[in-house]
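**Student:** Below is a structure I'd like to ask you about.
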Amino acid sequence: MKLSPILPRVFAAAALFVSISSCSENLDSTGVCDVLCTQIGGAVQNITLDAVLLDTTVQALSGLGTEPGLLLASRGDTLDTRVVIRFDSLPATFVPTGGTAQPIASVDSAYIRLMLDTTTIKGTDPVTIEAYDVDTTANDTSSAAVLALFRPDRFISSQTFLRAQLTDTLKYFISNAAVLARIQSGAALRVGLRAVSVGSSQLRFISTEGSFGPEMFFRATPDTLTAPLTVLPFSRTPVGEAIRAGNLSDYTLIAKGPPPAPPSVLAVGGLPARRVYILFDIPSNIIDSSTILRATLLLNQLPNTGIDPTDTVAFLPQVVLAGKAVTDPAKAAQIIGAISVDTLRLRPGDAGPANVELASAIAIWRTVKPDTLSRAIVLKSVSEGNSPLELRFSSSEDVVTALRPRLRISFTPKVPLRLP
């Protein structure tokens with residue numbers, strides 16, 4: 001599969017779409033506009049097509065730890081997520097004020113600094129964050145093995161925060177003895193965080209991928225004149241896989257996610273994160289022999305009252321850049337490109353019509369032969385992997401024909417260049 005020849009055409013198509021859009025304000029073209037807007041002419045035609053060849057929900061396979069946020073949630077039977085931060089490389093020496101390097105023999109005032117997205121906080125009750133030692137030789141992707149380590153004999157420390165103390169910079173103090181023990185033994189310090197609250201609690205921290213990830217600070221001496229040491233998240237495993245190990249330096253661990261949507265329903269978002277893949281079968285005479293003024297995917301939203309139904313989910317349509325050789329929708333849905341800068345916003349609990357503009361996608365498909373690039377899109381949450389919110393839509397399997405996804409296109413026939 002070769003994607004590189006497609007990309008220049010994608011940029012050219014975007015420029016073409018901007019040019020066409022600038023001439024679509026007034027469809028009653030004069031002789032002058034025939035020169036400036038050579039592709040527009042004739043009466044505008046509007047058609048609604050049952051053009052969906054395949055639609056399905058697929059998992060977002062971007063990989064564990066690739067999200068820009070770390071979700072720490074305790075919401076009863078609805079949602080339970082933990083945060084894992086790996087400090088696999090700890091300093092063994094320090095330099096006291098005016099001295100030379102010495103082995104670290106003590107640890108003072110150790111804490112992990114967490115950058116908190118305060119707009120995502122849920123719950124008003126105090127929340128206790130517990131820390132556990134989750135170092136293990138088990139497979140790095142085994143969530144069950146890591147979750148099993150959140151037990152009393154692995155407990156490190158805890159800290160309680162009132163709602164007013166949950167500011168954008170959170171200092172989570174961790175056991176000095178636990179940090180010193182790992183330094184002296186040469187072992188990794190892998191911390192698992194768990195939220196405990198009498199009510200519902202949800203926090204989202206910035207991850208390493210979000211540029212302001214967790215950092216650990218401590219002093220190697222009680223002397224406050226000696227600068228504290230800084231330790232960044234780092235993972236030594238999987239061995240030989242630097243990118244994957246980098247992603248696993250901090251990540252969200254899902255102990256319990258919201259119930260998934262039924263198989264016959266299209267779902268965007270949620271935890272684990274899901275996307276919608278839609279493959280179209282559009283008549284070639286419309287794409288190749290007309291000027292598309294507007295193309296709209298008509299969806300029917302289904303209410304999802306499971307969790308935060310009145311909150312807002314922002315999502316975007318993405319064009320699939322995988323070649324025809326990629327026949328698995330789950331794999332094709334991971335190879336995508338942006339076609340819109342305007343996010344669509346819906347509330348999970350709402351129901352009714354929802355429209356997604358796709359004229360930009362059709363402009364791209366016009367430049368690439370259908371036997372090279374599938375005419376498919378993906379609907380993806382902007383907060384994919386960072387939020388439990390999930391939008392649901394009727395699929396092409398809905399028993400009510402009128403509720404199935406359809407494509408509405410406004411177009412005019414192409415006309416040759418005419419000079420006055």
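The values are calculated or read from the model by the stated rules, or taken from the named source; none is laboratory data. Given the structure is predicted, the values throughout are model-derived calculations rather than measurements. All Cβ positions, even for glycine, are placed from backbone atoms using ideal geometry, and neighbour counts span all protein chains on display.
**Student:** Say whether the condition of being in contact with a Lys or Arg (Cβ under 6 Å, 6 or more places away or on another chain) and of a type in the set (Phe, Trp, Tyr) is met by at least one residue in the range 94-116.
**Tutor:** Yes, some residue in the range 94-116 is in contact with a Lys or Arg (Cβ under 6 Å, 6 or more places away or on another chain) and of a type in the set (Phe, Trp, Tyr).
**Student:** Find the residue count for the range 54-95, including only residues that are under 20 Å from the mean Cα position of the chain (by Cα), assigned to a loop (DSSP other than H, G, I, E, B), closer than 15 Å to PRO233 by Cβ and not small (Gly, Ala, Ser).
**Tutor:** Total satisfying the criteria: 4.
**Student:** Restricting to the range 254-309, and then to whatever is hydrophobic (A, V, I, L, M, F, W, C) and part of a loop (DSSP other than H, G, I, E, B), can you tell me which residue is nearest to ALA354 (Cα to Cα)?
**Tutor:** ALA261
**Student:** Please give the strands (runs of 3 or more DSSP E) falling wholly within the range 155-200 in which 1 or more residues are over 19 Å from PHE218 (Cβ atoms) and among the β-branched types (Val, Ile, Thr).
**Tutor:** Working: elements: 155-161, 169-173, 189-196.
Ranges flagged: 155-161, 189-196.
**Student:** Which members of the range 292-318 meet the condition of being crowded, with 19+ Cβ neighbours inside 10 Å and among the small types (Gly, Ala, Ser)?
**Tutor:** ALA295, GLY306
**Student:** Is it the case that LEU147 is in the same structural domain as GLY246 (by TED's automatic domain parsing), at pLDDT 95 or above and closer than 28 Å to THR230 by Cα?
**Tutor:** Yes: the conditions hold for LEU147.
**Student:** Output the residue which, of all residues in the range 403-418 that are over 32 Å from the mean Cα position of the chain (by Cα) and of a type in the set (Val, Ile, Thr), is modelled with the highest pLDDT.
**Tutor:** Taking the candidates together, the pick is THR412.
**Student:** Out of all the residues in the range 53-71, which are in contact with an Asp or Glu (Cβ under 8 Å, 6 or more places away or on another chain) and either surrounded by fewer than 17 Cβ atoms within 10 Å (Cβ to Cβ) or modelled with pLDDT of 90 or more (or both)?
**Tutor:** LEU53, SER62, GLY69, LEU70
**Student:** Here is a further query. With a cut-off of at least 3 residues that are at pLDDT 95 or above, more than 23 Å from the chain's Cα centre (by Cα) and surrounded by fewer than 20 Cβ atoms within 10 Å (Cβ to Cβ), name the strands (runs of 3 or more DSSP E) lying wholly within the range 319-388.
**Tutor:** Here the list is empty.
**Student:** So if I check each of THR372, THR327, THR343, THR367, which one is free of Cβ contacts under 8 Å to residues at least 24 places away in the same chain and of a type in the set (Val, Ile, Thr)? Before you say what the answer is, go through the steps one by one.
**Tutor:** Numbers: THR372 fails: free of Cβ contacts under 8 Å to residues at least 24 places away in the same chain; THR343 fails: free of Cβ contacts under 8 Å to residues at least 24 places away in the same chain; THR367 fails: free of Cβ contacts under 8 Å to residues at least 24 places away in the same chain.
Result: THR327 is the single residue among THR372, THR327, THR343, THR367 that is free of Cβ contacts under 8 Å to residues at least 24 places away in the same chain and of a type in the set (Val, Ile, Thr).
**Student:** Could you say whether any residue in the range 206-217 is hydroxyl-bearing (Ser, Thr, Tyr) and more than 29 Å from the chain's Cα centre (by Cα)?
**Tutor:** No, because not a single residue in the range 206-217 is hydroxyl-bearing (Ser, Thr, Tyr) and more than 29 Å from the chain's Cα centre (by Cα).
**Student:** Next question. Condition first: surrounded by fewer than 18 Cβ atoms within 10 Å (Cβ to Cβ) and either of a type outside the set (Lys, Arg) or part of a strand (DSSP E or B) (or both). Now tell me which residues in the range 235-253 satisfy that.
**Tutor:** Within the range 235-253, THR237, PRO238, VAL239, GLY240, GLU241, ALA242, ILE243, GLY246 meet the criteria.
**Student:** What are the residues in the range 96-116 that are part of a loop (DSSP other than H, G, I, E, B) and crowded, with 17+ Cβ neighbours inside 10 Å, if any? So that I can check it myself, show each step before the final result.
**Tutor:** Initial filter on the range 96-116 (part of a loop (DSSP other than H, G, I, E, B)): 96-101, 104-107.
Residues satisfying the conditions are ILE104, VAL107.
**Student:** Still on this structure, please answer the following. Could you please let me know if ASP398 is more than 30 Å from LEU116 (Cα to Cα), surrounded by fewer than 20 Cβ atoms within 10 Å (Cβ to Cβ) and either outside the structural domain of ILE282 (by TED's automatic domain parsing) or out of contact with any Phe, Trp or Tyr (no Cβ under 6 Å at 6 or more places or on another chain) (or both)? Don't jump to the end; show me each part of the working.
**Tutor:** On the way: more than 30 Å from LEU116 (Cα to Cα): yes; surrounded by fewer than 20 Cβ atoms within 10 Å (Cβ to Cβ): yes; either outside the structural domain of ILE282 (by TED's automatic domain parsing) or out of contact with any Phe, Trp or Tyr (no Cβ under 6 Å at 6 or more places or on another chain) (or both): yes.
Answer is yes for this residue.
**Student:** If you don't mind, another one. Kindly evaluate VAL400 against the criterion of being among the hydrophobic types (A, V, I, L, M, F, W, C), more than 24 Å from the chain's Cα centre (by Cα) and modelled with pLDDT of 95 or more.
**Tutor:** Yes.
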